[in-house]
1. Report, ordered by chain and residue number, the aspartates and glutamates lying within cross-link reach of Lys133, taken as a straight Cα distance under 13 Å and ignoring same-chain residues fewer than 8 apart.
2. Which value in deg cm²/dmol, rounded to the nearest 500, describes the helix-derived mean residue ellipticity at 222 nm for the chain, given -39,500 (n - 2.57) per DSSP H run of n ≥ 4 and division by the residue count?
3. Could you please rank Thr125, Thr149, placing first whichever residue has the fewest other Cβ atoms within 10 Å of its Cβ?
4. Can you flag which of Lys114/Lys159; Lys114/Lys145; Lys62/Lys159; Lys114/Lys157 are past 21 Å Cα-Cα?
5. Based on the Cβ-Cβ distance from Glu81 to Arg29, what FRET efficiency comes out when R0 is 25 Å, to the nearest 0.05?
6. So how far apart, in nm, are the two label points at Glu38 and Arg91 if each is 7 Å from Cα heading toward Cβ?
7. Relative contact order for the chain: what percent, with Cα pairs under 8 Å and sequence separation of 6 or more?
8. Suppose the chain between Asp119 and Ile54 were pulled fully straight at 0.36 nm per residue; how much longer would it get relative to their current alpha carbon spacing?
Amino acid sequence: MDIALTAGETGHVVYSTLHTISAGQTINRILGMFSKDEEPQVRERLVGSLRYIISQRLVPKKNGARLLVTELMGSSLRTREAIALGENENRRLADIIEAGNTAGWHSFEQSLIKAYEDDLITEETALLYCINKPTMRQRLDTVNKRRETAHSASLLKMKMDA
């Protein structure tokens, strides 16, 4: 990891893989490869060289195939601050990623809920593969209520047309 950081700091493009479940955990895994004494310096090195973290998973589709679900986090003032100073309740990478959708960033939860809205995956799959179950449960309930309202409106329209 030290070699990868050094290469990134000297302008080389570095691609690497780590087995983690989110961008936030990727940062923690990298920090865990160094001693506690080195952590402040490693955080600064990451801030200076990290550009993107892309996380991916394959989840089962309704038809039995697999669907690629991703999380994408880029470098911004807010992400660099969260990496440099560490996360807290006001500075969470998950929240920063979700707010970065105008830059094309997205969380696993956002990818899963879109797949559910598009009727590609089941509710159970969305809950099984999400990172934040309470948030996912709330989003699924919202989608389901929207679907029920649309279905009721459709039935009412058919009744009125008959």
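1. In chain and number order, the partners are Glu109, Glu123, Glu124, Asp141.
2. Numbers: 8 runs with 91 residues, N = 162.
After summing the helix terms and dividing by the residues of the chain, the value is -17000 deg cm²/dmol.
3. Fewest to most other Cβ atoms nearby, the residues stand as Thr149, Thr125.
4. Beyond 21 Å between Cα atoms: Lys114/Lys159; Lys62/Lys159; Lys114/Lys157.
5. Values: r = 20 Å, r/R0 = 0.79.
The formula returns an efficiency of 0.80 here.
6. 2.3 nm
7. So the answer I get is 17 percent.
8. Value of the extension gain: 21.0 nm.
Coordinate-derived values only; no laboratory data. Since the structure is predicted, the reported quantities are computational estimates derived from the model, not experimental observations. Heads up, the Cβs are rebuilt from the backbone with ideal geometry, glycines too, and the neighbour counts pull from every protein chain shown.
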